[in-house]
Each structure stands twice: as C-alpha cells, then as structure tokens.
Amino acid sequence: MKYIIIGAGVAGFAAIEAIRSIDESGEITMISDDPHGYYSRPGLAYYLTGELHDKALYPRTQVDYKKLNFKYLRGRVTQILRSEHALEIDGKSRLTYGKLLIVVGARAIPLEVPGAKLTGVVKLDHLTDAQNILKLAKRGKTAVVVGGGITALELTEGLLARGMNVHYLLRGDRYWSNVLDRNESKVVEGRLQAEGVELHYHSELKEIIGKKDRVSGIRLGDGSTIKCDLVAYAIGIRPCLELVKNTDLNIDRGILVNEHLQTNDPDIFAAGDVAQVYDPMSGRSVLDSLWNPARDQGRVAGLNMAGRKRAYLKSPPFNVTRLAGLTTTIIGAVGGGRDDDVIGIARGDSETWRQLPDAIAAQGGFDANHVRILVGEKTLIGAVVMGDQTLSIPLQKMVAEKMDISSIHDKLLAPNAKIADVVADYWSKHVATA
Ligand SMILES: Cc1cc2nc3c(=O)[nH]c(=O)nc-3n(C[C@H](O)[C@H](O)[C@H](O)COP(=O)(O)OP(=O)(O)OC[C@H]3O[C@@H](n4cnc5c(N)ncnc54)[C@H](O)[C@@H]3O)c2cc1C
C-alpha cells in the first residue's frame with residue numbers, strides 16, 4: 001500500500017505511528033511545506049517568552065524518525081487529482097497514492113485593515129512567525145495586540161517578556177467573553193494590568209499607520225492613535241481548505257469526516273485542525289484546535305488507512321493553558337455569549353467550549369483560585385479551573401466519563417456552596433471505591 005500524508009504536525013505523525021503498528025512494509029511518504037518540520041506549536045508561546053529554547057520544541061529525534069521508516073518530502077502540495085489518485089507538488093511533480101491523509105492544519109485569519117501588510121505586523125502560526133517576532137521585538141519599544149482567545153495573551157506575554165510596552169485592544173468590555181464568565185475575564189484582565197499591559201476596551205483597530213513600509217502606529221475607530229513599532233494579531237484561525245476546494249470533497253468550516261475520519265472519498269482521510277468532526281455532545285460536527293484531539297484523530301485515521309475500522313469517539317475537549325500567568329483548565333461546554341475579538345475559533349480552542357450548555361453554573365473561590373462547573377441533571381457538562389489545579393484532573397474525568405453526580409447535585413447548587421470541597425469529597429469517595 002502507498003500512503004501519503006500531507007502535513008507534518010502532530011496528527012500526521014500519530015498517523016504514521018498507527019500505520020506502522022499494523023503495516024510494516026507499506027510505503028509511507030509525508031510532505032510538508034514547513035521548513036522546520038515537526039515541532040510543538042503550543043510550545044511556541046514559551047519559546048516567545050524565553051522559557052523554552054527552540055531545540056526543546058521538537059518532540060521526536062532523528063532516531064525516532066528512522067524507526068518509523070517513512071520518506072519525508074519538503075514541498076507544498078498544490079493539487080489533489082482524485083480521479084488519478086495523484087498529488088501535484090509545487091505545481092510540477094506528481095506522486096500517486098493509495099490512501100491519502102490530509103492534515104494541513106489551520107492558519108491565522110489575516111487582518112483586513114489598511115496597513116496590514118507593513119513590516120512589523122505579526123501573527124503566531126509557525127516557528128518562522130515566532131522567530132520573526134523575536135527579530136522585531138525590541139526592549140523599550142511599543143506593541144499593540146489585537147484579537148482574543150489564548151493566542152492574543154500568548155503574544156502579549158511574549159512581547160512583555162521581551163521588554164516591550166504592550167497595549168491590548170478589546171472590541172467589547174471584557175476578555176474572551178464566549179468562554180470565560182465575567183469574573184474570570186476580570187481576573188485575567190486584572191493580572192494583565194498588574195503586569196503593565198494597557199487595556200483599551202471598546203476599541204477597534206481601523207488602520208495601521210506606516211513609515212517607510214514599517215509600522216509606526218495605529219488608528220482606532222474613534223479616530224485616536226497609538227504610536228507603536230509592532231502590531232500582533234490573533235483574531236482567529238481557519239482550516240486550510242484551499243487544497244480541497246476543487247476536489248468535491250465535502251467541506252463546511254473544515255473538511256467533513258465521518259467517525260472513521262474518512263471524507264466522502266473512501267481513500268481520503270482528514271484529521272486535526274483541518275477536520276470538522278462529529279461531536280456526540282452537541283450532535284453537530286465541530287472544529288477543535290487542540291493538540292490532543294489532533295493526535296488522537298491522526299492515530300485513528302492512520303489505523304483506518306491501514307485497513308482497520310476504528311471509530312473516533314470525540315470526548316469533551318479540555319486544555320490546560322496559561323492566561324496572564326494563571327494556569328487555567330477549560331473542560332467541556334462552558335460558554336455562551338459572544339466574543340467580538342475572535343472570528344471563528346482561536347488556537348488552543350474548541351467550538352464545544354462555546355456551547356451554552358443546558359446546565360446551571362455554580363462557582364466557588366475568588367480571584368486567582370477559582371472553580372466554575374456547569375451542573376446538568378445527573379452529570380457535569382463542563383468546568384473552568386483557575387489557579388489551584390487540584391481539581392483539574394478529577395473534573396476532566398467527571399465530565400468525560402459522565403460520572404453520576406446525583407448524590408451531590410443539590411449540594412453543588414446550594415447557596416454559598418463550597419463547590420471545591422464538595423467536588424473534592426465526591427472524588428475522594430469515588431477513588432476509594434474504584
Ligand atoms: C501558538 C499556538 C498555541 C497553541 N496552544 C495550544 C494549547 O495551549 N493547547 C492545545 O491543545 N493546542 C494548542 N495549539 C493548537 C495545536 O498546536 C494544534 O491543534 C495542533 O498542532 C494541530 O495539529 P495538526 O497536525 O492538525 O496541524 P499542524 O500542526 O498545523 O500541521 C499542519 C502541517 O501541514 C503543513 N501544510 C499545510 N498546507 C500544506 C500544503 N499545501 N502542502 C504541504 N504541507 C502543508 C504545515 O506546514 C504543517 O506541517 C496551539 C497552536 C499554536 C500555533
């Protein structure tokens with residue numbers, strides 16, 4: 001069998017490992033246009049702050065690659081020719097496939113304001129972007145961050161760590177309003193301000209002003225200006241669909257796949273950030289931009305390409321991340337409302353989080369140590385854990401395994417309930433009896 005994998009991210013490598021676990025001799029070729037190959041994209045945030053060296057971003061060694069026995073081609077796939085089972089690479093050479101996996105990920109949605117192409121306007125998709133930011137970030141100079149979600153804060157933290165003065169523009173009155181509640185947004189904003197970030201509420205970027213092709217400032221909707229040397233944006237990401245647009249593969253916001261990660265062409269599979277996958281929680285097909293689901297989907301796609309019939313069971317998505325230095329876990333459906341700072345989804349984000357669950361919110365703790373849970377009739381639907389992470393894993397398990405919480409339902413919803421204590425007590429009893 002001839003397998004081709006387009007994209008060298010976590011989904012692609014998980015697929016190769018899965019194929020090799022059942023097919024030792026099939027010919028596997030991976031093609032990627034990223035000059036840096038496979039590295040941790042979530043790690044880029046820590047590379048920006050200087051907490052991680054670029055060498056620490058690579059999860060695999062040359063020895064690991066050798067063991068997997070595959071061919072790696074550096075190039076851009078420019079066309080999929082389905083009727084010929086072939087790919088066009090860099091507009092010229094062709095390769096034929098038996099089974100194809102599309103794992104081309106997602107890309108930052110570009111800013112569409114005058115001046116968006118000036119030198120000094122940056123985003124954070126790839127290692128090359130992070131290197132570019134580090135080249136442009138200068139101690140004592142000023143940056144403006146536009147957008148929302150996790151990446152906007154990662155950019156803010158990275159630029160602060162490099163000694164820049166940072167202005168953060170928010171279109172509305174609070175940060176990440178469709179995932180966090182008002183309290184949680186305020187905690188994050190307070191920490192940003194304490195770090196010296198200047199927050200601008202109800203502010204819309206209208207124009208980036210340049211001098212000799214370089215950023216020199218921005219103009220806001222109300223006509224006011226801010227002098228700056230760099231503009232970093234994170235207004236959302238979009239699955240890379242150019243490659244499949246003329247192929248008659250079914251697409252919506254991403255490439256639509258069934259539970260086997262198979263497209264409407266039985267020889268073509270898709271996984272990771274580019275795939276739109278069925279979510280049993282909502283009964284809809286949703287996008288995630290999360291490392292673990294991309295890896296798990298890649299694995300299932302690889303097994304199925306090699307002849308197995310494995311179903312991918314999407315579990316409630318979670319992410320342990322850092323918001324303004326505060327460790328935060330987001331689990332399942334916690335959202336609602338709107339976020340005018342992000343179009344679609346952001347990096348490290350899931351459409352599932354945005355769903356307004358049929359549940360009652362209960363919360364406990366204040367400021368940095370905070371737990372919010374979404375309580376359904378018999379199960380927990382979602383949770384946000386900020387600061388102290390003792391309950392992060394118990395809550396992930398309680399949501400993912402739909403554990404019956406009837407015995408503590410009323411206690412959780414009682415006025416002034418000590419939510420964290422009730423959950424901890426439930427969990428310790430569960431562990432004792434498991
Ligand atoms: C800054 C940042 C922070 C993040 N934070 C988190 C986090 O906190 N938690 C979390 O869970 N996830 C996070 N993520 C998201 C996570 O990294 C992604 O969900 C995951 O990497 C997706 O893997 P993938 O294999 O689907 O795609 P990708 O890793 O994007 O890989 C796609 C590959 O396809 C290649 N490619 C694209 N088009 C072509 C083409 N036409 N021809 C050839 N090659 C092509 C690309 O070069 C790349 O190699 C973050 C991502 C970023 C960038």
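The values are calculated or read from the model by the stated rules, or taken from the named source; none is laboratory data. Source: prediction; values computed, not measured. Cβ: placed from backbone, ideal geometry, glycine included. Neighbour counts: every protein chain shown. Side chains included, ligands, DNA and RNA excluded: accessible areas come from the protein's heavy atoms. Shrake-Rupley method; radii C 1.70, N 1.55, O 1.52, S 1.80 Å.
Numbers below:
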{"item": "All strands (runs of 3 or more DSSP E) inside the stretch 211-252 with 1 or more residues being surrounded by fewer than 18 Cβ atoms within 10 Å (Cβ to Cβ), in the same structural domain as I150 (by TED's automatic domain parsing) and in contact with a Lys or Arg (Cβ under 8 Å, 6 or more places away or on another chain)", "result": "214-220, 225-227"}
{"item": "The one condition in (1) part of a helix (DSSP H, G or I); (2) of a type in the set (A, V, I, L, M); (3) within 16 Å of the ligand (Cβ to nearest atom) that L180 fails to fulfil", "result": "(1)"}
{"item": "Residue check, R322 assigned to a loop (DSSP other than H, G, I, E, B), within 16 Å of the ligand (Cβ to nearest atom) and either at pLDDT 90 or above or within 13 Å of the chain's Cα centre (by Cα) (or both)", "result": "no"}
{"item": "Which listed residue is within 18 Å of S315 (Cα to Cα) and free of Cβ contacts under 8 Å to residues at least 24 places away in the same chain, from L356, L374", "result": "L356"}
{"item": "Residue count for the stretch 260-275, restricted to those that are more than 11 Å from the ligand (Cβ to nearest atom), in a strand (DSSP E or B) and crowded, with 22+ Cβ neighbours inside 10 Å", "result": "2"}
{"item": "Extreme residue, modelled with the lowest pLDDT, among residues of the stretch 282-310 that are away from the ligand (no atom under 16 Å from the Cβ) and open to solvent by 50 Å² or more (accessible area, probe 1.4 Å)", "result": "R284"}
{"item": "Test set (1) more than 12 Å from the ligand (Cβ to nearest atom); (2) closer than 25 Å to K2 by Cβ; (3) of a type in the set (V, I, T); (4) in contact (Cβ under 8 Å) with a residue 60 or more places away in the chain - V257 fails condition number", "result": "(4)"}
{"item": "Residue satisfying all of: in the stretch 335-357; more than 23 Å from L192 (Cα to Cα) and assigned to a loop (DSSP other than H, G, I, E, B); nearest to the ligand (Cβ to nearest atom) among these", "result": "G344"}
{"item": "Close pairs from the stretch 115-127: first assigned by TED's automatic domain parsing to the domain that holds G217, partner within 9 Å of the ligand (Cβ to nearest atom) and part of a loop (DSSP other than H, G, I, E, B), Cβ under 7 Å, at least 6 apart", "result": "H126/D34; L127/H36; L127/Y39"}
{"item": "Neighbours by Cβ (under 9 Å, 6+ apart or cross-chain): first from the stretch 30-51, more than 24 Å from A18 (Cα to Cα) and among the charged types (D, E, K, R); second at pLDDT 95 or above and more than 7 Å from the ligand (Cβ to nearest atom)", "result": "E51/A161"}
{"item": "Index of the failed condition, L313 passing every other in (1) part of a strand (DSSP E or B); (2) not assigned by TED's automatic domain parsing to the domain that holds S392", "result": "(1)"}
{"item": "Residues within the stretch 147-164 that are open to solvent by less than 20 Å² (accessible area, probe 1.4 Å) and among the acidic types (D, E), tallied", "result": "0"}
{"item": "Identity of the residue in the stretch 68-108, surrounded by fewer than 13 Cβ atoms within 10 Å (Cβ to Cβ) and in contact (Cβ under 8 Å) with a residue 24 or more places away in the chain, that ends up farthest from F13 (Cα to Cα)", "result": "T96"}
